[in-house]
Amino acid sequence: MAFLKKMLSKVGIGAATIDAQIEKQELIPGELFIGSLVVTGGKVEQEINKIDLALVCNYTVEVERESEDDQGNITTNTVIETRTHSLCKQVVEESFTIHPDEVRKIPFSMELPASAPLSIGKTETWLTTNLDIDYALDKQDKDFITVTATPAQQALFDAMSSLGFILQEADCEGSTKLKSEGLPFVQEFEYVPTSGAFAGRLDEVELVPLVRDDGLEVLMQVDRKARGLGGLLAEVMGRDESNLRFTVSSDSLGNLESMIGELIEANT
């Protein structure tokens, strides 16, 4: 019977399990992430080599793919591919033995990187934990967390709202040119004016906040509405957009709304 239990545990039946217990489900970038890993023994004694812990997020990237039709013609299409990125990793425990039905609680802590994307739109961040067991299926656990805005990020969003903009879309897009603390993507926020001075004058404003040591570096693209024949030509020629750049620091939080409003007005 003991032999049968060992064989079943190797395919995941009656094996040890792991569960992450997180103190806070909502965190801001740069905040300490604290919790405990609860390892529960299965039907037999098992050797745990280590426990791998990682904070992971998702992003999208455009990929060129070739396809061949029945006549042998090759066409290239652009497709959107969803990828994952590990924001940080940690090995929280070296090898140990877990006995049948034993419960072992292991505390852990790790810092949520300052560049972690916010949980807005389709962007998700989660904790993965993995029990590394020789000659058996590794047991995994997945727990989602919510990443909320820092004071600087929230001030940026509040300023856009006060200027009459609403957030229409937000996503993380793969980027090889723009970098935010080494990430393979940037998070983009797309706003449309629904009231205030810019309603009816702009199509949208896109913001890409990049985390820097002294605050945020914000890339802003102002997409003007086409007006008449000249405006239509400007859109066709790609000259209806203005690309701007400004910084958000603790010193600029008080006049952020007026600063952004003046920048948009000067490029409208």
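The values are calculated or read from the model by the stated rules, or taken from the named source; none is laboratory data. Model, not experiment: these values are computed from the prediction. As a convention, Cβ positions derive from the backbone with ideal geometry for all residues, glycine included, and neighbour counts pool all protein chains shown.
Each residue in region 140-153 was checked for being at pLDDT 95 or above and either among the hydroxyl-bearing types (Ser, Thr, Tyr) or farther than 23 Å from Pro184 by Cβ (or both), and 2 pass. The condition (being modelled with pLDDT of 95 or more and either in contact with an Asp or Glu (Cβ under 8 Å, 6 or more places away or on another chain) or not assigned by TED's automatic domain parsing to the domain that holds Gly261 (or both)) is satisfied by just one residue among Leu137, Leu167, Leu202: Leu167.
Among the criteria (1) modelled with pLDDT under 85; (2) farther than 21 Å from Gly121 by Cβ; (3) in a strand (DSSP E or B), the one Gly72 does not fulfil is (3).
Only residues that are free of Cβ contacts under 8 Å to residues at least 40 places away in the same chain and assigned to a helix (DSSP H, G or I) were counted across region 159-205, and they come to 1. Scan region 109-122 and tell me whether some residue there is farther than 28 Å from Glu169 by Cα, out of contact with any His (no Cβ under 7 Å at 6 or more places or on another chain) and touching a residue at least 60 places away in the same chain (Cβ under 8 Å). Yes, that holds for at least one residue. Within region 222-241, the set of residues being at pLDDT 55 or above and either among the charged types (D, E, K, R) or touching a Pro at 6+ places or on another chain (Cβ under 6 Å) (or both) comprises Asp223, Arg224, Lys225, Glu241.
Tell me, please, whether a residue that is at pLDDT below 80 and on the phi > 0 side of the Ramachandran plot can be found in region 242-263. Checking region 242-263: not a single residue is at pLDDT below 80 and on the phi > 0 side of the Ramachandran plot.
Scanning region 167-188 for residues that are closer than 27 Å to Asp251 by Cα, of a type in the set (Val, Ile, Thr), touching a Pro at 6+ places or on another chain (Cβ under 9 Å) and surrounded by fewer than 16 Cβ atoms within 10 Å (Cβ to Cβ) turns up nothing.
Quick grid of which residues meet (1) modelled with pLDDT of 95 or more; (2) more than 24 Å from Ile145 (Cα to Cα):
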| residue | (1), (2) |
| --- | --- |
| Gly14 | no, yes |
| Thr17 | no, no |
| Leu27 | yes, no |
| Thr40 | no, no |
| Val44 | no, yes |
| Ile48 | no, yes |
